[in-house]
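Report on the following structure.
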Amino acid sequence: RRPRTNTPLQALALMNDPVYVEAARALAHRVLTHGGPTTRDRVRYAFTLVLGRRPAPAEVALLTAAFDREFSQFAADREAANRLIHVGASRPPVDVDIAELAAWTIVASTLLNLDEAITRG
C-alpha cells in the first residue's frame, strides 16, 4: 500500500504530465471501443477497470454528468479537444470523434487520480 501525501507536486504531475495524459487517453479509447453503447455503461466499465469494483449509483451519476459537461465543452471547442488528445509522444486514434475522446480522457484522468486508484492496490 502506497502512503498518502499532501504535496501539490504529486497532484500536478498526475494531472498534467504527458505520460499520465496519454494513459488517460488510452483508457478513454478503450472505454469507447469496449465499454458499451451508453455513457452509463462506459462509466461503469471505466470505473471497474480502474478501481476493481462496481460504482455506486451516485458515482455513476457524478461521472456521467462530468462526461456530459466535458463533451459539451469539447464539442463547442474542437481545437481544445484536438490539443488535449495530441498530448504526448503517441499518436491518438483516428477511429473516434475527437470531442468524445477528449471528454472521456478527462473522465479517465479523474478516475486515475482518485485516492482509491493511487493509494490502494
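The values are calculated or read from the model by the stated rules, or taken from the named source; none is laboratory data. The model shown is predicted, which means the values in this text are computed figures rather than measured ones. Positions of Cβ are backbone-derived with ideal geometry, glycine not excepted, and every protein chain shown enters the neighbour counts. For the accessible areas, the whole protein counts, side chains as well, though only heavy atoms, and no ligand, DNA or RNA atoms are used. Shrake-Rupley method; radii C 1.70, N 1.55, O 1.52, S 1.80 Å.
What to note about this one:
- Hits in segment 33-55 (condition: aliphatic (A, V, I, L, M) and free of Cβ contacts under 8 Å to residues at least 40 places away in the same chain): 49
- Test: residue 100 is acidic (Asp, Glu) and open to solvent by less than 60 Å² (accessible area, probe 1.4 Å): yes
- Taking every residue in segment 84-100 that is touching a residue at least 40 places away in the same chain (Cβ under 8 Å) and pairing it with any residue that is part of a loop (DSSP other than H, G, I, E, B) and open to solvent by 40 Å² or more (accessible area, probe 1.4 Å), at least 6 positions away or on another chain, the pairs with Cβ-Cβ distances below 8 Å are 92/86.
- Residue satisfying all of: in segment 78-97; outside any helix (DSSP H, G or I) and not aliphatic (A, V, I, L, M); surrounded by the most Cβ atoms within 10 Å (Cβ to Cβ) among these: 92
- Flag if residue 75 is in a helix (DSSP H, G or I), modelled with pLDDT of 95 or more and out of contact with any Asp or Glu (no Cβ under 7 Å at 6 or more places or on another chain): yes
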